[in-house]
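Visitor: The structure is given below, and queries will be raised subsequently.
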Amino acid sequence: MFLSRMENHCFLLFVFVFQAIFILILYRSGPSRVFRGFVEAPQVVVVDYSKPHDVYTNLSLFTQAPSEDTMPYCSAQSPVLVGPLTITFKVLPSERMIIKRNPFVQSGGHYRPPHCFARYKSAILVAYRNQEKKLRHLLYYIHPFLQRQQLSYTIYLIQQVGTGSFNRAKLLNVGVREAMKDEEWDCLVLHDIDLVPENDYNLLPYKSFFGGVSALTPEHYMKMNGFPNTYWGDGGENDDIATRIHLAGMKIVRTSPHIGRYRVTDYKEETEIPDPWRRPPSQHNTRKTWKADGMNTLQFRLLSRTKHPLYTKITVDIGYVPPFS
Ligand SMILES: *[C@@H]1O[C@H](CO)[C@@H](O)[C@H](O)[C@H]1NC(C)=O
């Protein structure tokens, strides 16, 4: 999902992430669904997916520059891009292995290219609760993805405490607020833990679909007053967000409506408490509420902020959580 007037780097990053998702979709779903994707989105560039590469291919070419003083800016186009990537969830990578394969990732899940000055800085924000396996699959792929792009980045996990309804949108608001304290980010990438937030409910061509993976600048995020804080349970917030974007005078550029529609990592045993309750969008009336519900009214209690080897974890009490019905 994407906003127009996006700066180039955000776009490149998005194309890259999109490509990965696209491969995931190819991998996980039958040909008919893929075909529908092409019909709906004829602008998708067809790449030869029969010859994918390992996501870590040639990353070792990026070695430490002898001196910061003589280090050049990164090339506009990364020299190690390969196109289609091999993605599989058959083996659960251990944290130790991921750390080993990403030697330049620093504490807190921060990376900057060792060989050049990054042109852009991205915060990757992931709303999270008890999805350890999905997290490991994501980390195994997302770290090298971003490094291939020669980006400087930090991965943030925003963890909701408690067992009440999940509130992805509010967690992302918290993530943006906290991440902005660290850096002047060029790009915010809002990333689902399993890359796929939606269920089949969203199969119909959706004019205002927004979810899965989104990339936008901090200016855009503030302009739309962030996300609504008042959607509990997964998915219901996406229409609201799409409406905000339009009301803020921006436009979503959708590459393909089927992004984020399929579950990717699917661990039944880990499935969270189902989302039993969510406020119907009709009660929200985004047109009236978007300026009064969002970043400007965000309230939460920061419980901890810890640097793990592969990510920064922000644990937060987001306040009243509606009870399960
Ligand atoms: C990896 O780098 C080597 C040396 O630069 C190059 O010959 C090779 O084509 C690269 N591999 C891929 C898949 O790009």
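Derivation of every value follows stated rules applied to the coordinates shown; laboratory data play no part. What you see is a predicted model, and the numbers here were worked out from it, not measured in a lab. Reconstructed Cβ throughout: ideal geometry from the backbone, glycine too, with neighbour counts over all protein chains shown.
Visitor: Roughly how many whole Å is it from the C-alpha centroid of the range 81-129 to that of the range 146-195?
Guide: Comparing the Cα centres of the range 81-129 and the range 146-195, I get a distance of 14 Å.
Visitor: In whole Hz and in residue order, list the ³J(HN,Hα) couplings for the range 90-95 that follow from phi through the Karplus curve 6.51 cos²θ - 1.76 cosθ + 1.60, θ = phi - 60°; x for Gly and Pro.
Guide: Going residue by residue, I get 5, 10, 7, x, 7, 4 Hz, with x marking Gly and Pro.
Visitor: For residue 92 and residue 184, compute 0.36 nm times the residue count separating them, minus their Cα-Cα distance, and round to one decimal in nm.
Guide: 29.7 nm
Visitor: I'd like the Karplus ³J(HN,Hα) series for the range 167-172: coefficients 6.51, -1.76, 1.60, θ = phi - 60°, whole numbers in Hz, and an x wherever there's a Gly or Pro.
Guide: Here the 3J(HN,Hα) series is 10, 4, 5, 5, 4, 5 Hz.
Visitor: Still on this structure: What is the order of 239, 69, 54, fewest Cβ neighbours within 10 Å to most?
Guide: The order, fewest Cβ neighbours first, is 69, 54, 239.
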